[in-house]
Amino acid sequence: MYKILNNDLIKEYIDETLEIRSILLDSNESIDKIEVSEIGDGNLNFVYMVKSSKKSVILKQAVPFLRCVGEEYPLSRIRMSFEIEALKAEKEICHDLVPEIFYSSHDMSLVVMQNLDNHKILRGEMIERKIFPHLSEHISDFLADTLFYTSDFYLSSTQKKENVKKFNNTELCKITEDFIFTHPYEDNDTNEYNPKLDIKLVKAFRQDADIKVAVANMRYKFMSEAQALLHGDLHSGSIMLNEKETFVIDPEFAFYGPMGFDIGIYIANLAMSYFSIQDKETKYKNYVKGMILDTWKLFASKFKTNMLNHEKEQKSLQWDYPDGLKHFEQFADDFIKKLFDDTIGFMSCEMFRRTVGLAKVADVAGIEDLNARANIEANILACASKLITSKYKNIDEVMTEIQKHDKQ
Ligand code: SR1
Ligand code: MG
């Protein structure tokens, strides 16, 4: 039966759950030998580190409300079941990029998994100006493989439709529909702004026909295009890493949606980090610029390779004629071009909402000088407005646009 755990109740729970107990303790050892500490600061769940002399693990539990708002915002615990199933699916596809699960319980809405204690959250590391030589390779692998191997390009029609049903994550999709695609574009109580941000800028984009139509298009895409199993919240707080290894965590928002959403959210968070860096730190700014360019370019090339290799292996009759593979390649290029446009659209929506919506990014919101922060936020809003209402040939053009709006 479900109960909300705390430090003491976790000990009791582990004592009676042999699968977890045996990971942490020898059979005759007392449960008092383990230490429990709450380490989460996320918006949704409670995260504990559980440590014995033998091992340490992470125990994450969903509670029946939205943690960052409180009990007055009920949210069913089923989100943990989606997280568990998404972790399993992602682990099968990208073994080295997803933490190991030791135990999970749908009834208790909890998962016990690998403690990434040699790894840190990417956002914090970027704020500390740390450099990670393999990150773009790893994230582009994660994106190209999870998005390809869960899509209609790879799965049978029946399996893909079964998966869409399985990941029917309606409540968390609604959070995204509200907090990314709706509230930031209206006068809504949940929105929060830096008091030094010129309110005229906020009002202006909320009444701009081109922006409103473009955002409505992205919202509709998010709600209706079940292309692949998405992570659903792939910002720099959902990545833990060190110099050698990268792990993608927290897929509680997983569902079948448009591929560009995951890529766009990630690149938007890199772009907001870019804007947050003061001009004099040119070395780090250039590093982040390189991350933006590499992520898209590596992703596009790996995704295309996945498509071509699969087609070569399958040898489907449809493309089995002298120029067939060349024509299939045109189809792949066409698809990736549309995916690029979607990516930039979703990227813009993430930039808007992280500036004027409820959830902020520490890279920008952590800047203590509110006037300096407001200047960066104005740049982000202007850039997002331009990106979502324009068409770009490639990521280099997008980067030029970002740089143009980076007015110090
Ligand atoms: C109301 S929850 C706000 C945000 O937290 C999560 O990390 C998602 O990004 C969600 O949009
Ligand atoms: Mg999260």
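Points worth noting:
- Efficiency of FRET between LYS244 and ALA204 - r from beta-carbon atoms, R0 45 angstrom, step 0.05: 0.45
- When the chain is treated as a Gaussian network with alpha carbon springs shorter than 10 Å, the biggest mean-square fluctuation among PHE346, PHE328, PHE46 belongs to PHE328.
- Within the chain, helix-based [θ] at 222 nm, where runs of 4 or more DSSP H residues each add -39,500 (n - 2.57), nearest 500: -17000 deg cm²/dmol
- Prolate/oblate/rounded label for segment 7-114 (Cα gyration tensor, a/c 1.5): oblate
- Magnitude of the charge dipole for the chain, about its Cα centre and with charges confined to Cβ atoms of Lys, Arg (+1) and Asp, Glu (-1), is about 900 debye.
- With a Förster radius of 30 Å applied to the C-beta separation of ASP341 and LYS312, the computed FRET efficiency comes to 0.65.
- Summing Cβ point charges (Lys, Arg +1; Asp, Glu -1) relative to the Cα centre of segment 7-114 gives a dipole of roughly 160 debye.
- Around LEU155: net Lys/Arg minus Asp/Glu count, Cβ-Cβ under 14 Å: 0
- Neighbour-limited loop hits for trypsin sites (Lys or Arg not before Pro), segment 304-362 (at most 16 other Cβ within 10 Å; DSSP other than H, G, I, E, B): LYS315
- Accessible area of the chain divided out per residue, in Å², using a probe of 1.4 angstrom: 45 Å²
- Partners of LYS165 within straight-line reach, counting lysines whose Cα lies under 17 Å from its Cα and excluding those fewer than 8 residues away in the same chain: LYS88, LYS174.
- Full-extension gain in nm, ASP323 to SER390, via 0.36 nm per residue minus C-alpha separation: 20.7 nm
- Charge-dipole axis of the chain as Lys and Arg at +1 and Asp and Glu at -1 on Cβ define it, positive-most pick from SER301, ILE78, SER104: SER301
- Near SER238: Cβ cut-off under 11 Å, other residues only, Lys/Arg at +1 and Asp/Glu at -1. The net charge is -3.
- Relative contact order %, segment 224-381, counting alpha carbon pairs below 8 Å whose residues are six or more apart: 25 percent
- Cα gyration tensor category, rounded, prolate or oblate, for the chain with a/c compared to 1.5: oblate
- Global form of segment 155-280, assessed from the alpha-carbon gyration tensor, a/c cut-off 1.5: oblate
- Look at the alpha carbon pairs under 8 Å that are at least 6 residues apart: their mean separation over the length of segment 236-292 gives a relative contact order of 25 percent.
- Listed peptides 329-335, 84-90 appear in the order 84-90, 329-335 once ranked by packing, highest mean of other Cβ atoms within 10 Å at the front.
- Full extension of the segment from ASN118 to SER76, taken as 0.36 nm per residue of separation minus the current Cα-Cα distance, would add 11.9 nm.
- Inter-label distance for ASP294 and LYS196, nm, one decimal - labels placed 7 Å from Cα along Cα-to-Cβ: 3.3 nm
- Trypsin sites (Lys or Arg not before Pro) within segment 369-408, DSSP loop, no more than 15 other Cβ atoms inside 10 Å: LYS391, LYS393, LYS407
- Normalised contact order of the chain, rounded percent, pairs of Cα under 8 Å and 6 or more residues apart: 17 percent
- Hypothetical label at ASP189: residues of segment 61-83 whose amide nitrogen lies under 15 Å (7 Å Cα-Cβ projection): 69-74
- When the trypsin sites (Lys or Arg not before Pro) in segment 1-43 are filtered for DSSP coil states and for at most 12 other beta-carbon atoms within 10 Å of their beta-carbon, the remaining sites are LYS3.
- Accessible area of the chain belonging to carbon and sulfur atoms, whole % at 1.4 Å probe: 50 percent
The values are calculated or read from the model by the stated rules, or taken from the named source; none is laboratory data. The shown structure was predicted, so the numbers you read here are calculated from the model rather than taken from an experiment. Methodologically, a virtual Cβ is constructed for each residue, glycine included, from the backbone with ideal geometry; neighbour enumeration extends over all protein chains shown. Protein only, heavy atoms only, side chains kept; ligands, DNA and RNA dropped before computing areas. Shrake-Rupley method; radii C 1.70, N 1.55, O 1.52, S 1.80 Å.
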